[in-house]
Structure formats: structure tokens, C-alpha cells
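For reference, the structure is listed below as C-alpha cells.
The values are calculated or read from the model by the stated rules, or taken from the named source; none is laboratory data. Because the structure is predicted, anything quoted here is derived from the model rather than measured. Heads up, the Cβs are rebuilt from the backbone with ideal geometry, glycines too, and the neighbour counts pull from every protein chain shown.
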Amino acid sequence: MKALVNKNTGSIYQIRTEDGRTLNARLKGNYRLKNIKSTNPIAVGDVVEIEETGNQPTICHIHDRRNYFVRKPTNLSKQLHIIAANIDQIYLITTINYPVTTTTFIDRFLATAEAYRIPAAIIINKTDLHTDADRQQADILEKTYNTAGYETIRISAEKDIDLSYIHKKLQNKITLLSGHSGSGKSTIINRLLPGANQKTGQISECHNKGTHTTTYSEMLPLPYGGYIIDTPGIKGFGTFDMNSLEISHYFPEIFNTSRHCRFADCTHRNEPGCAVMEAVENHIIAETRYKSYLNILEDCFDGRYRR
Ligand SMILES: Nc1nc2c(ncn2[C@@H]2O[C@H](COP(=O)(O)OP(=O)(O)OP(=O)(O)O)[C@@H](O)[C@H]2O)c(=O)[nH]1
Ligand SMILES: [Mg+2]
Ligand SMILES: [Zn+2]
């Protein structure tokens with residue numbers, strides 16, 4: 001029977017069967033995915049086949065994934081961690097402060113979403129805490145990412161401000177929420193889904209960071225169709241599977257501008273007649289985006305990992 005993986009808590013998978021039952025299942029034998037080196041063979045969002053012969057259902061087959069989203073779990077890790085599979089869109093939950101979300105992090109995240117061809121948008125949460133300086137920073141952030149082609153939405157999950165717009169966007173879609181620990185992913189889900197009851201945690205005063213309250217990804221059904229996925233907070237975002245020539249493809253505004261570069265193989269670092277560098281000088285492309293592009297390009301050459 002077909003089932004959807006809702007939650008993965010190590011070796012046990014919580015699944016929802018086609019006929020509407022929620023069960024705990026194990027993976028049959030030493031099942032391994034063939035084409036991807038990942039720490040988790042099955043992820044939230046996977047569609048699987050189960051057998052119910054013994055006393056606990058077992059997963060015997062994973063249906064082909066429409067897509068998946070991954071990251072490197074640690075700095076030195078060679079393996080990838082699949083955050084979720086078969087998703088329609090990602091909301092990156094960011095905060096100007098409590099905790100700080102840097103543009104480096106946002107750019108690495110968005111470039112990865114582009115590489116895996118999953119539409120992404122940015123939510124700026126905790127607007128209730130914004131000072132005038134924070135609001136100015138949020139304006140710059142919105143301008144930068146709107147110019148790059150990403151939607152930005154400002155909300156306060158805590159004060160329930162402007163969440164109604166998100167409701168419409170979620171209908172009949174599978175949406176992944178990601179971002180730093182403490183950015184408010186679980187709080188947003190509790191607001192959107194009053195019965196959800198996801199655990200939330202305080203921001204550590206001395207580190208200005210969240211305390212990794214959500215430890216397992218979980219997929220929750222929405223009453224109006226679709227699902228929302230709560231995930232553990234992530235710190236850094238390494239890039240992978242990226243060929244140096246492809247990196248500009250993952251920065252939409254850089255890619256669009258590169259058509260006007262003198263050389264077709266321009267890397268936008270020091271070539272004469274580079275339209276990208278000109279656009280950065282003229283403040284058409286944000287300098288932070290260009291710097292992130294250069295950083296990822298450097299990583300490609302020496303295999304570094306950045307936060
Ligand atoms: N002031 C304010 N606080 C918020 C808002 N959204 C969330 N918080 C608070 O921020 C803290 C962290 O929220 P969580 O929802 O646990 O954050 P998370 O992103 O799920 O964190 P992890 O599960 O650790 O990844 C909690 O104390 C929330 O009450 C908001 O819009 N405004
Ligand atoms: Mg959480
Ligand atoms: Zn160029």
C-alpha cells in the first residue's frame with residue numbers, strides 16, 4: 001500500500017497510508033538509495049510502499065522523487081542530508097534580529113533552491129520587534145531580493161500580523177519552512193494551524209540564537225489542502241553539486257545580466273566588458289549578492305564551506 005512519510009525520528013518513520021491511517025514503520029532490510037549519497041535514505045515527503053505482514057509495517061519501496069532539497073549536515077561531511085522530498089515551494093524564514101540572518105546565508109540557501117529547481121520565497125518574521133534601523137534593513141533586503149526575482153513577505157507570527165496572505169499561498173501545495181533556529185518556523189505553523197501545537201523555544205540572550213527546539217522534520221496536513229513542513233533550524237549552508245560555470249545560473253539577476261557580457265564564458269570576476277560588474281557598480285545588482293556569488297565561486301575552486 002502507498003503511504004506518505006510525515007516524520008522521521010531516526011529509524012522509525014511516521015507514515016500516513018493511502019486509506020488514512022497514521023502508522024510507525026521501519027525500513028526493510030538494508031535498503032539504500034542508489035543514486036545519492038545521503039545520511040537519510042528516506043525523507044519527509046517521500047511516497048513509499050509498505051508491507052503489513054509482521055507486527056510492524058515495513059517500507060519496501062520508495063517511489064521516484066519529483067525533487068528533493070538537501071544540505072551538508074556538517075562542515076566536513078561528505079554526505080548530504082535530504083531535508084525533504086517532493087516539495088512545491090520553500091519559504092525561507094528570516095529575521096533581521098533575534099536571531100540575525102545574514103545575506104550570505106540567504107544567498108547560499110536560495111542558490112541551492114535554484115540548483116534543485118524549487119521555487120523559494122523569503123519571509124521576514126518578527127516585524128513587531130523592528131526598530132527604525134531594522135525597518136530600513138528590511139527595506140534593503142526586500143529591494144535586493146525583489147530585484148533578484150524573489151517574493152518577500154513581512155510578518156509577525158507572534159502578533160499574528162499579515163499571515164492571511166500566506167494562507168492563500170499554501171493552498172494545495174507542499175511547502176517547506178526552513179531557516180535559522182529561532183527564526184519562528186514552528187511559531188508560524190502554530191499560527192497557521194491552530195491545532196498544530198509544535199514546540200517553540202526561546203532565543204538565547206547571550207548568543208542571540210535559537211536553541212534548536214525542533215529536532216525532526218514533520219509534515220502537517222492543511223485543512224484547505226496541501227501540507228506544511230516544519231524543519232529543524234540550520235546554521236550554515238554549504239553548496240554542492242555546483243559546477244563553477246553553473247553558479248551564475250543560480251543567481252537569477254546575475255544570470256539575466258550576463259547575456260550582455262562581452263565574453264560568453266565570462267565569470268564576472270575581472271573580465272573586460274563584464275555587464276555584471278557594471279550592474280554592481282551602478283547598484284542595479286546588490287553588492288551583497290555579487291559577493292555571495294564570488295564566495296560560492298571561490299568555494300568551488302577550493303572546496304571550502306561557509307556560514
Ligand atoms: N517577537 C516575536 N517573537 C517571535 C515571533 N515569531 C516567533 N517568535 C519567538 O521566537 C522564538 C523562537 O520561535 P520558534 O518558532 O521556536 O523558532 P524555530 O524557527 O521553530 O526554531 P527551531 O525549532 O529551533 O529551528 C520563540 O520564543 C517565539 O515565541 C514574532 O513574530 N515576534
Ligand atoms: Mg521549530
Ligand atoms: Zn561578466
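Step by step: first the residues of segment 112-129, then only those that are part of a helix (DSSP H, G or I) and surrounded by fewer than 23 Cβ atoms within 10 Å (Cβ to Cβ), then the one that is nearest to ligand 3 (Cβ to nearest atom). Which residue is that? Among those that are part of a helix (DSSP H, G or I) and surrounded by fewer than 23 Cβ atoms within 10 Å (Cβ to Cβ), it is 114.
A quick yes/no check of all residues on (1) within 16 Å of ligand 2 (Cβ to nearest atom); (2) within 29 Å of residue 85 (Cβ to Cβ); (3) of a type in the set (D, E, K, R):
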| residue | (1), (2), (3) |
| --- | --- |
| 225 | no, yes, no |
| 235 | yes, yes, yes |
| 242 | no, yes, no |
| 256 | no, no, no |
| 264 | no, no, no |
| 272 | no, no, no |
| 280 | no, no, no |
| 283 | no, no, no |
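Could you go through segment 171-183 and let me know if any residue there is in contact with a strand residue (DSSP E or B) (Cβ under 7 Å, 6 or more places away or on another chain), over 19 Å from residue 126 (Cβ atoms), away from ligand 1 (no atom under 16 Å from the Cβ) and assigned to a helix (DSSP H, G or I). No; the residues of segment 171-183 include none that is in contact with a strand residue (DSSP E or B) (Cβ under 7 Å, 6 or more places away or on another chain), over 19 Å from residue 126 (Cβ atoms), away from ligand 1 (no atom under 16 Å from the Cβ) and assigned to a helix (DSSP H, G or I). Within segment 73-105, restricting attention to residues that are closer than 16 Å to residue 217 by Cβ and modelled with pLDDT under 95, the residue that is nearest to the chain's Cα centre (by Cα) is 83.
Restricting 181, 186 to residues that are in contact (Cβ under 8 Å) with a residue 40 or more places away in the chain, within 26 Å of residue 70 (Cα to Cα), hydroxyl-bearing (Ser, Thr, Tyr) and touching an Asp or Glu at 6+ places or on another chain (Cβ under 6 Å) narrows the list to 186.
Scanning segment 175-200 for residues that are small (Gly, Ala, Ser) and either at pLDDT below 95 or within 16 Å of ligand 3 (Cβ to nearest atom) (or both) yields 195, 196.
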